[in-house]
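Notes for the one structure printed next.
The values are calculated or read from the model by the stated rules, or taken from the named source; none is laboratory data. For clarity, every value in this text was computed on a predicted model and none was experimentally measured. Cβ atoms come from the backbone with ideal geometry, glycine included; neighbour counts cover every protein chain shown. The protein model used for the area step is the full one, side chains on, heavy atoms only, and it has no ligands, DNA or RNA in it. Shrake-Rupley method; radii C 1.70, N 1.55, O 1.52, S 1.80 Å.
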Amino acid sequence: MATTKIWKVQKRLDHVINYATNEEKTKNNYSEYEMDNFDSIRQVMTYTTNPDKTEKQFYATGINCEIEDAVKQMQFVKILYGKENGILAFHAYQSFNEGEVTPDIAHEIGVKLANEMWGDRFQVVVSTHLNTQHIHNHFVINSVSFKDGKKYYSNLENTALLRKTSDEICEEYGLSILKEKPCKSGINFENFYKKSVKDSDYYKFAKEDIDYAIEHSWTYKEFLKRLKEMGYEVYFRANKISVRMYPHKRNIRIERTFGEDYSIENIQNKICSRYPSREEIIKPKTYDKRLLYKGSAKKLRKPKGIIALYYYYCYLLKVYPKKNLNYKLTPKMREEVKKMDKYSEKIRFLCKYKLETINDVENLKEEKKEELQKILNTRNRLYYKRQKVDNESEKDVVTKEIISVTSVLQKVRKEIKLCDEVGDNSRKMKEQIKEMKEKKQEKIKIKEKKKKDRRYDR
């Protein structure tokens, strides 16, 4: 049974180094430390890779960085993207039951968890501490991504994903897991996990591809083959399927992520129920002798005009069209299509309200905010009305009114969000145009300078 926790590190990088290297405070005594005291990357790194705790750093691994220079490499990424302030890193841990795992297995699980959670975008240091009765892993995650410079957000969705991923890996290794219980604060992490899966393009595209493979496969083996042809790596652990597509490092355990309908047995049943019996393919009879065509080829109808030209170019290009062909778009293509849909949505929004300037957008945003407040007030009155009504039929009527008002509320919120996106995009475009003009002027100045230099040379 593994428990997880994550918190932020936000003090200066060079702060409390004396505290971190103090012999009295780095003794092999876990109870002397309070987790929330570690606020510096260097301090956290010193603690997590302490030789006394990790068998002389045998159980310490760097992901996208080297253990010896992890602090410098993390700082370099921050400087590269100009994000040296704010939250500097995140410190997480994963603790196991007493006597449940060996140090090797614990470290292996920790590295897998770090790879799946952060390995495709962030630098991570993983260390396994052996100084307590409960073996536990520590993770130090750089807050800035080396891939795109974006920051990591430790919100409820990511916390739920961390818990779920840890449970899934532990389950693969035959370890016990914590059963989800309602928190005192009322937070249901299962709902946040479902939201993170729903909002992730990686999970959404994977589900589409799995459904496509099931629908177009005759057998279970063909289903696995189609997944591999689409670029997925397929793994089997504890009689369950996991898939992963490059460059992502996160395995998707399809049964736990998408439900019991995607277990191996249910996938096989789906394929068999769709095609209960496969028809035998009869091969055509082959002839060794030369075949003769009866009749005259002159009487055959020849294509003319544009159709003839089309067939001629198909012949030259060696492209022969077939009927009812369905092409599966790659994940990158689907991402681009999604972007195109967003651009189309913004253009329709601009045309609908005839927005021409940023002031028009701001004015519309204020109007929508006022409209939003009115709708919220209306919905609150309906909620109050429903509480006071005792008759069930009247309650149902009020509930239907609340649902209709909520649908209008969602549309208004979406339009406010579009106002923000359009405003941000227009400001970015202005900055880009300004930069382009400045570069163009610099090029003109360089050309003029070269011309003057040539005249002086003569």
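At a glance:
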quantity: Which of Thr406, Met429, Ile444, positive extreme of dipole for the range 404-458 (C-beta unit charges); calculated: Ile444
quantity: FRET efficiency, 1/(1 + (r/R0)^6) with R0 51 Å, evaluated for Tyr313 and Lys195 via beta carbons; calculated: 0.55
quantity: Accessible-area composition of the range 386-430, carbon plus sulfur, in percent [1.4 Å probe]; calculated: 52
quantity: Extension gain from Glu260 to Lys447, taking 0.36 nm per residue of separation minus the Cα-Cα distance; calculated: 60.6 nm
quantity: Magnitude of the charge dipole, the range 335-450, Cβ model with Lys/Arg +1 and Asp/Glu -1, debye to 20; calculated: 720
quantity: Rounded to whole Hz, the Karplus (6.51, -1.76, 1.60) HN-Hα couplings of the range 350-360, x for glycine and proline; calculated: 5, 5, 4, 9, 6, 8, 10, 10, 5, 4, 4
quantity: Given charges at beta-carbon only (K, R positive; D, E negative), |dipole| of the range 73-136 in Debye; calculated: 380
quantity: Placed amide H near Lys150: partners under 5 Å, 5+ positions off or other chain; calculated: Ser145
quantity: Between the range 189-235 and the range 117-179, the Cα center-to-center distance that results, in Å; calculated: 23
quantity: Furthest towards positive pole of dipole, Tyr310, Leu418, Asn363, structure part the range 304-441, Cβ charges; calculated: Tyr310
quantity: Estimated inter-spin distance, Thr406 and Glu233, nm [label 7 Å along Cα→Cβ]; calculated: 4.2
quantity: Arg301-Lys332 pseudo-label distance in nm [points 7 Å out on the Cα-to-Cβ vector]; calculated: 4.4
quantity: Set Lys164/Lys240; Lys368/Lys417; Lys112/Lys195; Lys338/Lys414 screened for pairs whose C-alpha atoms are more than 21 Å apart; calculated: Lys112/Lys195
quantity: Subset of Lys352/Lys437; Lys374/Lys411; Lys346/Lys439; Lys342/Lys365 violating a 22 Å alpha-carbon distance limit; calculated: Lys352/Lys437; Lys346/Lys439
quantity: Accessible area of Ile267 in the full protein assembly, 1.4 Å probe (Å², nearest 10); calculated: 0
quantity: Where Asp211, Asp261 fall by accessible area, highest first, once all protein chains stay in place (1.4 Å); calculated: Asp261, Asp211
quantity: Arg381-Lys352 pseudo-label distance in nm [points 7 Å out on the Cα-to-Cβ vector]; calculated: 2.5
